[in-house]
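Engineer: Handing you this structure, nothing more for now.
The values are calculated or read from the model by the stated rules, or taken from the named source; none is laboratory data. Just so it is clear, the model here is predicted, and its values are computed rather than measured. Note that each Cβ is placed from the backbone with ideal geometry, even for glycine, and that neighbours are counted across all protein chains shown.
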Amino acid sequence: MNKHFFKTSELAKKAGVNKETIRFYEKKGLLQDPVRTDGGYRQYLQKDLERLVFISNAKELGFSLAEIKELLAIADGDIYKCSDVRQIAESKLNYISNQMKYLRKLKTTLTKLVTECQQAKTIKYCPIIETLSIGIK
């Protein structure tokens, strides 16, 4: 069977990333070092494209590179329990929930400051500048 190889630029285009991203993932150990031609050009296989898509999808869901590395180890069969995947996802879900609480608090504070700022007559009494100078009350 004749294997189809992708050049770096082809792989990047198919996966929707740039070439530097591919090299970065190789350095981080998320992608294996590719086969090279006699001239030193990288050649990637379909499995490399699938792995790159996996990484991109995981990043889109908010997983860190360390978490993606863990998920890839599971997908590669290094870890065999689905509960391990669920635990990683639950941890990410808790993190996102905490971030959402923080962002809601931040939104409330900024909304209050913007409203107060609309009532200020001069920059001397600007609540945003004052808050940034002394801290949030």
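Engineer: Filter region 52-64 down to the residues that are part of a helix (DSSP H, G or I), without any contact (Cβ under 8 Å) to a residue 40 or more places away in the chain and under 21 Å from Gln87 (Cα atoms) and list them by number.
Structural biologist: Passing the criteria: Phe54, Ile55, Asn57, Ala58, Lys59, Glu60.
Engineer: What pairs come up if the first residue lies in region 80-93 and is at pLDDT 90 or above, the second is surrounded by 10 or more Cβ atoms within 10 Å (Cβ to Cβ), and their beta carbons are under 7 Å apart, counting only those six or more places apart or on different chains?
Structural biologist: Correct list of pairs: Lys92/Gly62; Lys92/Phe63; Lys92/Glu67.
Engineer: Further question on the same structure: Scan (1) over 26 Å from Gln32 (Cβ atoms); (2) at pLDDT 85 or above; (3) surrounded by 14 or more Cβ atoms within 10 Å (Cβ to Cβ); (4) among the charged types (D, E, K, R) for the single condition Lys105 breaks and write down its number.
Structural biologist: (3)
Engineer: If you check Ile68, Ile74, which single one turns out to be at pLDDT below 90, surrounded by 11 or more Cβ atoms within 10 Å (Cβ to Cβ), in a helix (DSSP H, G or I) and in contact with a helix residue (DSSP H, G or I) (Cβ under 6 Å, 6 or more places away or on another chain)?
Structural biologist: Ile74
Engineer: Condition check: over 30 Å from Leu11 (Cα atoms) and of a type in the set (Lys, Arg). Does Lys101 satisfy that?
Structural biologist: When the stated conditions are applied, Lys101 passes them.
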